[in-house]
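Contents: one structure, followed by commentary.
The values are calculated or read from the model by the stated rules, or taken from the named source; none is laboratory data. It should be emphasised that the depicted structure is a prediction, and the values quoted were computed from it without experimental measurement. Methodologically, a virtual Cβ is constructed for each residue, glycine included, from the backbone with ideal geometry; neighbour enumeration extends over all protein chains shown. Only protein heavy atoms, including side chains, enter the accessible area calculation; ligands, DNA and RNA are left aside. Shrake-Rupley method; radii C 1.70, N 1.55, O 1.52, S 1.80 Å.
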Amino acid sequence: MTELKNDRFLRALRRQPTDTTPVWIMRQAGRYLPEYRATREKAGSFMALAQNPELACEVTLQPLDRFELDAAILFSDILTIPDAMGLGLTFVAGEGPKFERPLRSAAEIANLTVPDMDGELRYVMDAVRLIRRELDGRVPLIGFSGSPWTLACYMVEGQGSRDFARVKALAWNDPDAMHQLLDTLAQSVAAYLAAQAEAGAQALMVFDTWGGLLSPGMFHECSLRYLARIVEQLKNDAHAADLPVVLFSKGASGHLEALAGTGCAGLGLDWTISLDEARRRVGEHVALQGNLDPSALYATPEIIRREVEAAITAFGPHPGHVFNLGHGVTPGVDPEHVKVLVDTVHEAGRRIRA
Ligand code: CP3
């Protein structure tokens, strides 16, 4: 394999010193880029794009050609696993993801099986292999998955929801079925991430987007416990053992210590906690990734520079910070503002280490 030319991101996740703060952006390949919209148009639909390794590779690399990003993230989606389990994923324009066959009974949950990583999900591994080849060592490639809890949210509701009442009702009323579902999903997620590692991913991220919906007790039971199991299983996998794993539980900054206790390398942070507080609480144990409010990209370049500098100053000159937004970049953002963010991270990161 080609040697990595820029390893800032991987070094920061290991809390080793770097010349400046590494940066990548959640949803960096996405609708705010006109070239993404053009490729998506060519593909016909989001799933056609994600399932075509050449096109998935093309859009993965698009943001790297515009900005000095320190990592690439596989272009795919967290909902590939439930799709491969047979739920039938579609993306309705303006409405987000929808499953044709959401889970409606304990019997349907009992019938779910771990998808075949060389079968239904082979297109993901083909994309990883192709992206690694095309990256040619420019920056590391991040593989990812949804968390069992977050996947269960979509599988039971059938789509996004304001309160996810249906899946929470299942957790209250049929805990056995809920845990059977989370268990099958945890096995699937661990196998999926291990397969991405084998195909060439160099870091792994788990998106627990809806972890913050849960009460502390239910967070431990339904989210954290399965995240911990996945981290543990990856440590015992020949291909994934040495890869840093980043857990991002959105809205769950009350649980940082517990999340750090899973043995993950890094934690993603949303924008509701300051970087200095997060570092004081768990910075001795894990690297931190985040956490500018994505809406700051709607502000002027001057304000973006000020906010980025404030975040870099808040973390301080310590190793172990990967700059990111606190959630994905939104479709209405001006790509020039993303360039201001990325360049300011590198300038401010150098300055604070000088
Ligand atoms: O970050 C990247 O650039 C890599 C690709 C990526 C996508 N989705 C592409 C995508 C990643 C890492 C994801 C993760 C994902 N998908 C999450 C977890 C992170 C988060 O945002 O909380 C979730 C919850 C999903 C599910 C999902 N996919 C939703 C709710 C939507 C619709 C809302 C939206 O943002 O459009 C998607 C669609 C999706 N996934 C798009 C992209 C670029 C936009 C689809 C389009 O092109 O029409």
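Quick look at the numbers
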item: Test: residue in region 38-48 that is more than 10 Å from the ligand (Cβ to nearest atom) and among the hydroxyl-bearing types (Ser, Thr, Tyr); result: no
item: Strands (runs of 3 or more DSSP E) (entirely within region 69-148) containing at least 1 residues that are among the hydrophobic types (A, V, I, L, M, F, W, C) and over 22 Å from Ala191 (Cα atoms); result: 89-92, 96-99
item: Some residue of region 18-37 being at pLDDT 95 or above, more than 20 Å from the chain's Cα centre (by Cα) and within 24 Å of Glu120 (Cβ to Cβ); result: no
item: Test: residue in region 237-250 that is surrounded by 17 or more Cβ atoms within 10 Å (Cβ to Cβ), out of contact with any helix residue (DSSP H, G or I) (no Cβ under 6 Å at 6 or more places or on another chain), under 27 Å from Asp126 (Cβ atoms) and at pLDDT 95 or above; result: yes
item: Whichever residue in region 1-27 is among the charged types (D, E, K, R) and more than 21 Å from Thr330 (Cα to Cα) and, among such residues, is surrounded by the fewest Cβ atoms within 10 Å (Cβ to Cβ); result: Glu3
item: Single residue of region 28-39 satisfying the filter (crowded, with 19+ Cβ neighbours inside 10 Å and not polar (S, T, N, Q)) that is farthest from Thr60 (Cα to Cα); result: Tyr32
item: Residue in region 136-174 that is surrounded by the most Cβ atoms within 10 Å (Cβ to Cβ), counting only those that are away from the ligand (no atom under 16 Å from the Cβ) and without any contact (Cβ under 8 Å) to a residue 40 or more places away in the chain; result: Leu170
item: Selection from region 58-100 of residues that are open to solvent by 30 Å² or more (accessible area, probe 1.4 Å), near the ligand (Cβ under 10 Å from one of its atoms) and touching a Lys or Arg at 6+ places or on another chain (Cβ under 8 Å); result: Phe91, Val92
item: Residue pairs meeting the criteria (Cβ under 6 Å; at least 6 apart or on separate chains; first farther than 17 Å from Val23 by Cα, in region 55-77; second within 8 Å of the ligand (Cβ to nearest atom) and aromatic (Phe, Trp, Tyr)); result: Ala56/Phe75; Val59/Tyr36; Val59/Phe75
item: Filter pass, Leu297 being at pLDDT 95 or above, assigned to a helix (DSSP H, G or I) and either touching a Lys or Arg at 6+ places or on another chain (Cβ under 7 Å) or open to solvent by 20 Å² or more (accessible area, probe 1.4 Å) (or both); result: no
